Amino acid sequence: MFLENLHFSWQFLKRNPLFFLINVTGLVIGITSALFIYIYVSFETSYDRFNHDYQDIYRVLGIDNALGVSNNTVGIVMPALGPAMEQTIPEVAQTVRLRVQGENFITVDDRKFPAKNIVFTEDSFFDVFSFKLLARHPGVLLDKPRSAVMTQAFAKKVFGTENALGKLFRLGNQDIQVVGIMQNVRPDSHMQFDLLVSLNYLDPDDKGAKQLQSFLSSWGVIAMVTYAKLKPGASEQAVDAQLTQLLAKRSVMKTFTATLQPLKDAHLGSTDVLFDDFNSHKGDARKIVMLSSVAVFLLLIAAFNFMNLSTAGASLRAKEVGVRKAAGATRPQLIRQFLQESFLLVGLAAALSVVLLRLLEPVVSLPLDEGFLSYLIDHPRAAVGSAFAVVLLGLLAGAYPAFALSSFSPATMLKGRFAHTSQGLWLRRVLVVVQFALSITVIIGMLVVYRQLDYMKNRDPGFQRDGIVNLTLNDRALGANRDALRDRLLALPQVLSVAASSNMPGDTFGRRGIKPFGSASEDFYIMSALVVDDQFLDTLSMKLAAGRNFSAKIGTDATESIILNESAVKALGWRTEEAVGKTIALGPGQQRTVVGVVKDFNFADMRHRIEPVMLSYQNGPLRMLSIRIDKNAPREAIAGIAAA
């Protein structure tokens, strides 16, 4: 029966090549587009699920409700919170703390190697997360001072083919020993790093050891990324309640609390989280929902296109169906034939889509460390989902010819009256309307997304981004010779200006508390803080709404002056024109006078509201150099900067 049905289908398709070509082309376009989207969505929703017991692992987030804070959720908490959770909350099995340094250089035999992300952490890191150790020293790893674990790729980059285990490298002014080599970090991990270093990296007698211990046990600083692994079956809500009680007992400021975030939500559920540099490649769950809807719509459009063509070509099949029915074919037999034909065409289209997918790999970039087909093979969930979608598409596309055409009497079909019956006309009209409605929905959705992306791209951030080259001074020698470096840069004809700052818009600024002079003692404001030199505002083309810029010629600016943004002035209840000359307290004996108000600028993601920011002045070494170059000669400028 199968071969007989296959013969009838082949004869029809051979007699109607245009019908075959249009149907298969529509299905190939729909399936290929949906496959691209599905692979991307599958990858995005798979983040961190490779960890064993990932459903029991949580990130500890801070919630800062202080005055002046408009983006409340932060990715850091007090350094002492993790150990205290483990000691006082029964549901917590283990915690691990991480201090993210970011990109920096390590030195081996006078050769410098950039590390993408250096993370200071504890030995429990490998108990909480499922990163495989390929080689290790016996005993504890990261609980020993001056010890480190490298990824396999970074170890090869630094030490080549030599065995890296036991080797020494220099980080800052410390010699660190490699005590472990781990597998490379998977692309579907929200943590991306090259190097893990012991959190308590100093020996007890080392200079700075007491300060480090004080920091690690502090309840007064918010600066530590913390994860907790709960015992199986433990309640997230119960732990959240105990977190609030724990912070209250430790006399932590009343405006700060903490909550748990499931590890599986760290990538897609953190769009509102600030101080989240360790999760810098985070996605957006709303985009995933939107893309998934587009994929479903594309498949539906392809299916309705198939059904419309089948309806329009009903007269071509009418006599065939009538003759077969007159010859004794039953309705179930005809249903099987049409469904088999549908699955044949959809299967052929799916096979062609896979080939097209492979051909488009070099053109379409997705954040995978393998090819599209390899990803489907290595991820059964994605492969099964794709196969299920193809089967569903085959059923949907073949539903009309299978159940509608096979239901009419032989006389109706042989006389060719079906196409003109009220049922035939009604169905064709419905299918055409639905297909157009879906197409219009997809087009409108794409236009909305395009407008949003265009708005995000072209929205004025409050400073001029084009023509700025940022240089991070993680190297101590560069930092110590900052003035000489600035002079060499300014001597380049392509360099227009150079500014220094503690950070740059696009990165998270630090926060600190202030009190307006003369306010009630309970009025305590938290503001984002940025340290800059006198060239920063001009180099980034930031505009002053009132007052003046910092000046190297005014010696008191470093100790007595401050600049606020418009949001800070508004948060303090002042008008822009009256803010200049006001006094604020940064702490005991630390009073600053507002000398200027800078217009608001986006220093975080465009999705975040602009927070109150205060800028203070420093003429000494700062972490970041911002170099404005001639936009007409970018290559020459970058080459000159590299040589300087």
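For Ala234, what charge total do you get from the other residues with a beta carbon under 9 Å from its beta carbon, if Lys and Arg give +1 and Asp and Glu give -1? Let's see the in-between values first.
Working: positive: Lys231; negative: Asp56, Glu91, Glu236.
Spelling it out: positives minus negatives among the neighbours equals -2.
Close amide-amide hydrogen proximity is noted between Arg136 and Ile181, each under 5 Å apart and 5 or more residues distant or on a separate chain (H modeled in the peptide plane; Pro and chain starts excluded).
Counting only residues at least eight positions apart within a chain, or on another chain, the lysines with an alpha carbon under 29 Å from that of Lys156 are Lys112, Lys116, Lys132, Lys144, Lys167, Lys282. Our coupling estimate for region 230-239, obtained by passing each phi through the Karplus curve with A = 6.51, B = -1.76, C = 1.60 and θ = phi - 60°, is 8, 6, x, x, 5, 8, 4, 5, 5, 5 Hz, Gly and Pro reported as x. Taking all protein chains together and rolling a 1.4 Å probe, Lys582 ends up with roughly 70 Å² accessible. About its Cα centre, region 546-617 has a charge dipole of approximately 40 debye under the convention of +1 per Lys or Arg Cβ and -1 per Asp or Glu Cβ, with nothing else charged.
Excluding Ile554 itself, calculate the net charge of residues whose Cβ lies under 14 Å from the Cβ of Ile554, where each Lys or Arg counts +1 and each Asp or Glu counts -1.
Numbers: positive: Arg548, Lys553, Arg592; negative: Asp533, Asp534, Asp557, Glu560.
Summing Lys/Arg as +1 and Asp/Glu as -1 gives -1.
Ordering Val355, Val432 by accessible surface, largest first, gives Val355, Val432; the 1.4 Å probe counts only protein heavy atoms, with every chain in place.
Charge dipole of region 185-306 (Cα centre as origin; +1 on each Lys and Arg Cβ, -1 on each Asp and Glu Cβ, all else neutral): 340 debye, rounded to the nearest 20. Computed on the Cα trace of region 544-644, the radius of gyration divided by the Kirkwood hydrodynamic radius gives Rg/Rh = 1.07.
Taking one quarter of the surface of the C-alpha convex hull of region 485-588 gives a mean projected area of 8.2 nm². For Ser497 and Thr25, a Förster radius of 45 Å and the Cβ-Cβ distance give a FRET efficiency of 0.20, rounded to the nearest 0.05.
Taking label positions 7 Å along the Cα-Cβ direction at both Val433 and Gln452, the computed distance is 3.0 nm, reported to one decimal.
Accessible surface for Glu236 stands near 40 Å², nearest 10, in the context of the full protein assembly shown (1.4 Å probe).
Taken as Cα centroids, region 151-179 and region 433-451 sit 53 Å apart, rounded to the nearest whole angstrom.
Counting 0.36 nm for each residue step from Ala642 to Asp272 and taking away their Cα separation leaves a gain of 129.6 nm. Annotation: amide H-H contacts under 5 Å for Asn104 (H modelled 1.01 Å from N, sequence separation of 5 or more, or interchain): Ala115, Ile118.
For every other residue with a beta carbon closer than 15 angstrom to the beta carbon of Glu91, add +1 if it is Lys or Arg and -1 if Asp or Glu, then tell me the sum. Don't skip to the answer; put the middle values down first.
On the way: positive: Lys229, Lys231; negative: Asp53, Asp56, Glu86, Glu236, Asp240.
Around Glu91, the charge tally is -3.
With Cα atoms as the point set, region 562-607 shows a radius of gyration and Dmax of 11.7, 37 Å.
Take the Cα gyration tensor of region 183-271, multiply each eigenvalue by 5, square-root it, and list the three semi-axes largest first, rounded to whole angstrom. Mind dumping the intermediate values first?
On the way: eigenvalues 136, 113, 29 Å².
Equivalent ellipsoid of region 183-271: 26, 24, 12 Å, largest first.
Rolled with a 1.4 Å probe across the full set of protein chains, the surface gives Met290 an accessible area near 60 Å². 3J(HN,Hα) along region 201-217, derived from phi through the Karplus expression 6.51 cos²θ - 1.76 cosθ + 1.60 where θ = phi - 60°, amounts to 8, 9, 5, x, 8, 5, 5, x, 5, 5, 5, 5, 4, 4, 5, 5, 9 Hz, with x in place of Gly and Pro.
Given R₀ = 41 Å, what would the calculated FRET efficiency be for Arg136 paired with Leu359, taking r from the Cβ atoms and rounding to 0.05? Please report the intermediate quantities before stating the final value.
Details: r = 43 Å, r/R0 = 1.05.
Efficiency computed from Cβ-Cβ geometry: 0.45.
Give the separation of the Cα centroids, region 265-291 to region 36-107, in Å. Cα centres, region 265-291 to region 36-107: 12 Å.
Residues in region 108-116 carry Karplus couplings, in order, of 10, 6, 6, 9, 9, 10, x, 9, 4 Hz; the curve used is 6.51 cos²θ - 1.76 cosθ + 1.60 with θ = phi - 60°, and Gly or Pro positions show x.
The values are calculated or read from the model by the stated rules, or taken from the named source; none is laboratory data. Quantities reported herein were computed from a predicted structural model and do not represent experimental measurements. We place every Cβ from the backbone using ideal geometry, glycine too, and count neighbours over all the protein chains shown. Accessible surface is based on the protein model in full, side chains and every heavy atom, while ligands, DNA and RNA are left aside. Shrake-Rupley method; radii C 1.70, N 1.55, O 1.52, S 1.80 Å.
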